[in-house]
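First the structure, in the form of structure tokens, and then the observations on it.
The values are calculated or read from the model by the stated rules, or taken from the named source; none is laboratory data. Just so you know, these numbers come straight off a predicted model, no measurement behind them. Cβ atoms come from the backbone with ideal geometry, glycine included; neighbour counts cover every protein chain shown.
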Amino acid sequence: MDLTLKNLIKAEEKASELFDQIQTRGLICPNKTEKDLNQEIFDLAFELFGIKKYWHKRIVRAGENTLYPYKENPKNLMIKDNDILFLDFGPIFEQWEADYGRTYVLGEDPLKLKLKKDIELAWFECRDYFKKQKSITGAQLFSYAEEIARKYNWEFGGEIAGHLIGQYPHEKLDNEDKTNYVHPENKVDMFASGKNGLKREWILEIHFVDRNRKIGGFFEQLLR
């Protein structure tokens, strides 16, 4: 295992610990806004790891806001009883980036619980498919993610199904270079080396939605 991947795994392990503490401390609960929970998580990350730096905007989305992909900035909603919500955070640990996303369900709504379960199962199906390939473009993996969404009777809600990750700052994503994304227009082999000649590492993200019921779910982590 190369040094880059080792450092990315360490960063993700810390992100996972942060998410575990979010649940342990009962931060995910009704009657607070998405913005309030976002700030509480920011404060917790500083308490646990001394970090205040994130490589992308911090996302807390609840209720109908779970339909929106990353680039949108919907209105700040109140988290309600029996709600579904997801977190998407990109903390930087010692200059190494993590990108971690999870879905949570308040209450026992069977459809919301099914969505939470399905996106996690789908993530691992896509991961396993990717690992079996010797060559695959971002467009091909995105297409497979859409296929898996249909298999589980959901719609794929994201404009991408992942992106590059690395040492901060990695190859800039804001330039909209589609070869940096698991995107329908990325015709480059994901196993190809980066501009520096080194192996590239990827994040895989799964976002399923049901637009009629106005719910969505999200699961994201290092593709390995």
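Points worth noting:
- Those strands (runs of 3 or more DSSP E) of region 53-143 in which at least 1 residues are more than 23 Å from residue 153 (Cβ to Cβ) and out of contact with any helix residue (DSSP H, G or I) (no Cβ under 6 Å at 6 or more places or on another chain), considering only elements entirely within it, cover 59-62, 84-89.
- From the list 20, 36, 43, the lone residue that is surrounded by 14 or more Cβ atoms within 10 Å (Cβ to Cβ) and either within 30 Å of residue 111 (Cβ to Cβ) or among the charged types (D, E, K, R) (or both) is 36.
- Residue among 121, 113 that alone is of a type in the set (A, V, I, L, M, F, W, C), free of Cβ contacts under 8 Å to residues at least 12 places away in the same chain and more than 20 Å from residue 191 (Cα to Cα): 113
Residue-wise test of (1) at pLDDT below 95; (2) among the aromatic types (Phe, Trp, Tyr); (3) part of a helix (DSSP H, G or I).
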| site | (1), (2), (3) |
| --- | --- |
| 6 | no, no, yes |
| 12 | no, no, yes |
| 17 | no, no, yes |
| 20 | no, no, yes |
| 27 | no, no, no |
| 30 | no, no, no |
| 36 | no, no, yes |
| 43 | no, no, yes |
| 46 | no, yes, yes |
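- In region 179-193, the condition of being in contact with a helix residue (DSSP H, G or I) (Cβ under 8 Å, 6 or more places away or on another chain), of a type in the set (A, V, I, L, M, F, W, C) and either at pLDDT below 95 or not in a loop (DSSP other than H, G, I, E, B) (or both) is met by no residue.
This table checks each residue for (1) surrounded by fewer than 20 Cβ atoms within 10 Å (Cβ to Cβ); (2) aliphatic (A, V, I, L, M); (3) touching a Gly at 6+ places or on another chain (Cβ under 6 Å); (4) farther than 17 Å from residue 163 by Cβ.
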| site | (1), (2), (3), (4) |
| --- | --- |
| 7 | yes, no, no, yes |
| 25 | yes, no, no, yes |
| 28 | no, yes, no, yes |
| 47 | yes, no, no, yes |
| 53 | yes, no, no, yes |
| 63 | yes, no, no, yes |
| 67 | yes, yes, yes, yes |
| 76 | yes, no, no, yes |
| 84 | no, yes, no, yes |
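- Pairs with Cβ under 7 Å, 6+ apart, first in region 54-67 and closer than 18 Å to residue 11 by Cβ, second buried (at least 17 other Cβ atoms within 10 Å of the Cβ) and among the small types (Gly, Ala, Ser): 54/90; 55/90; 56/90
- Complete set of residues in region 50-109 that are on the phi > 0 side of the Ramachandran plot and small (Gly, Ala, Ser): 50, 63, 107
- Residue check: residue 206 meets all listed conditions (1) within 19 Å of residue 57 (Cβ to Cβ); (2) part of a strand (DSSP E or B) but one, namely (1).
- Residue within region 71-91 that is without any contact (Cβ under 8 Å) to a residue 12 or more places away in the chain and under 26 Å from residue 192 (Cα atoms) present: no
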